[in-house]
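To keep things clear, I will list the structure first and then write my remarks on it.
The values are calculated or read from the model by the stated rules, or taken from the named source; none is laboratory data. Remember, it's a predicted structure, so these values are computed and weren't measured experimentally. In this analysis, Cβ positions are derived from the backbone assuming ideal geometry, glycine residues included, and neighbour counts consider all displayed protein chains.
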Amino acid sequence: MILGKIWKAIAAQFNKLGNWFSGYDPIAQMQYEYDRSVDQLREGREGLAQYRALVERVTRQVDGQRKQVATIEAKIKAYLSAGDRDTAAKLALDLKRAREDQAENDRQLALHEQAYNNNLLKIKHAVEKLEDVKHRISKYDADLKMSRAEAEMSQLATQFNFNVNVTTDFGQAEQMLQDQIDKNRARVRVAADLSGEGVEDVKREIAVEKTMGEDALKEFEKEMGLATPAAAQSTKQLGPATKSLEALPEI
C-alpha cells in the first residue's frame, strides 16, 4: 500500500508536468483527487474495523467482570449463611475492587462506543460526499464533451455553408433524381391510360354472349315443354275476373 501511494504521488507529478505542456485537464485532476479520497476512505474504514475489534474485546472484558462480581456476591451470601464472616469479609474486599474495575471499564467502554459511532458517522458522511463528487465529475465530463462537440459542429456549420439549389454537385444530383422520378411516374400514367383500350369491345362481346344464352335457354324450355305460349300469356288475366254489366230494361 505504501509503494502504491508513492507511485501515485510520482504519477501525479508526471500528470502535473504533462498538464503544463499539453494544457490543464480539470477532469483528470478532479478524478485524481477523487481516487485519492477513496483510498483515504478505504484506509479509514479499515482502521474503523480494527477499532471495532478493540471495542468488542473491551465489551467481553466488561461482561466477564460482571459475571465475576455476580459470583463473588453469591459466595459472600453463602459464607454469611454458613456463619463464616471472616471469609465473607475477605470476599467483600474483592467485590469492592471488582466493582470499581467494572465501573471504570464501563466508562471506558462507553467512551469507545461513542468514539466508534462518531467515526462511523464521519465515514458515512464522507461516502455520501464522495458519491456526490463522483456524480459531479461524470456530469462535468459529459457537459465538457458535449460543449466541445457543439463547438466543433458550430465551426463545421460555418465552413459547410452552401446552397444545394444553385450550382453544387448536390443540387445537380438532386435534379437528376427528380427527373428520373418524373419519368417513372409518366410510364405509370401511360400504362394506366392504355389499359382502357378494348373495353367497349369487351362489353359488346359480353352483351352478345348474354343474348345468345337467353336464346339457348328459350330453345331448351321449348324442347322440354316448359315454355308457355305467347298467346296464352297475353290472354291470361291477373286477379279475379270481372263480370260484364247487363243492359238496363227499356221503360
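The table below lists the values:
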{"read-out": "The listed residue being surrounded by 15 or more Cβ atoms within 10 Å (Cβ to Cβ), under 60 Å from the mean Cα position of the chain (by Cα) and not aliphatic (A, V, I, L, M), out of R57, R66", "value": "R66"}
{"read-out": "Of the criteria (1) within 30 Å of A142 (Cβ to Cβ); (2) at pLDDT 90 or above, which one T71 fails", "value": "(1)"}
{"read-out": "Matching residues in region 112-129 - criterion: being within 30 Å of T71 (Cα to Cα) and surrounded by 12 or more Cβ atoms within 10 Å (Cβ to Cβ)", "value": "H112, E113"}
